[in-house]
1. Return, for the Cα atoms of the stretch 1-76, the radius of gyration and Dmax in Å, separated by a comma.
2. At most 13 other C-beta atoms within 10 Å and a DSSP loop state: those are the exposed trypsin sites (Lys or Arg not before Pro) I care about. Give me the longest piece of the chain that has none.
3. Would you mind working out the magnitude of the charge dipole of the stretch 10-173 relative to its Cα centre, with +1 at each Lys and Arg C-beta and -1 at each Asp and Glu C-beta, to the nearest 20 Debye?
4. Can you pull out the GluC sites (Glu not before Pro) in the stretch 1-78 that DSSP calls coil and that have at most 13 other Cβ atoms within 10 Å?
5. Placing one identical point scatterer on every Cα of the chain and ignoring solvent, what is log10 I(q)/I(0) from the Debye formula at q = 0.12, 0.14, 0.17 Å⁻¹?
6. How long is the gain from residue 95 to residue 133 if the chain were fully straight, where each residue apart is worth 0.36 nm and the alpha carbon distance is subtracted?
7. Once both labels are modelled 7 Å past Cα along the beta-carbon direction, what's the residue 49-residue 172 spacing in nm?
8. What is the projected area of the convex hull of the Cα atoms of the stretch 57-96, averaged over all directions, in nm²?
Amino acid sequence: METFEPDAPLFLVGFMATGKTTVGRILAARLGWKLVDLDEVIVREAGQSVSRIFETEGEAGFRAREARALGEVSRERKVVVATGGGAACREDNLRAMLAAGRVVALAITPEEAVRRARGGAGRPLLSGPDPVAAATALLEARAPFYARAHFSVDTVNRLPQDVARDVLAWVQQGAAA
């Protein structure tokens, strides 16, 4: 089993609508750590929404902003980082997270991701005519990156507090090793 510094960052990665921010909030509260939502950092620094960044700068512009923000939060301690769905899918980002701390992937099916994201604004990658097909293609492309996480938890048909409990048990097991 890999060992980690006890105060090393905990990165939550996974597809959109897996509950990274919600689970992250629960984990941060239980650990007594700070929660950083990477998309919120990007929005604050850009002064515009994620959707607007995609419109004005394209995905490449957003990903460049995301990489800069990730580099900054990777140096923090006692922090739970809820990343955007694509953050772990850039090799440099994933390597940085794996080197800086623990990486936990939250898993979901394409159908469940679309169901959870319905009615939620700010999901530009699912805005086409067939969101399930879009989610399926994206998830298939991203799966090899998510599979490299240190730990993975299925979120389908599970409450966020139950997912957080599983992650916390894994974190505490590593601390005891």
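1. For the stretch 1-76, the Cα-based Rg and Dmax read 13.9, 44 Å.
2. 1-74
3. It works out to roughly 540 debye.
4. Sparse-neighbourhood loop GluC sites (Glu not before Pro): 2.
5. Here log10 of I(q) over I(0) equals -0.51, -0.71, -1.07.
6. In short, 10.8 nm is gained.
7. 4.0 nm
8. Mean projected area of the Cα convex hull: 2.8 nm².
Rule-based calculations on the coordinates, nothing more; no lab input. Keep in mind it's a predicted model, so treat the numbers as computed, not measured. So basically every Cβ, Gly included, is an ideal-geometry build from the backbone, and we count neighbours across all protein chains shown.
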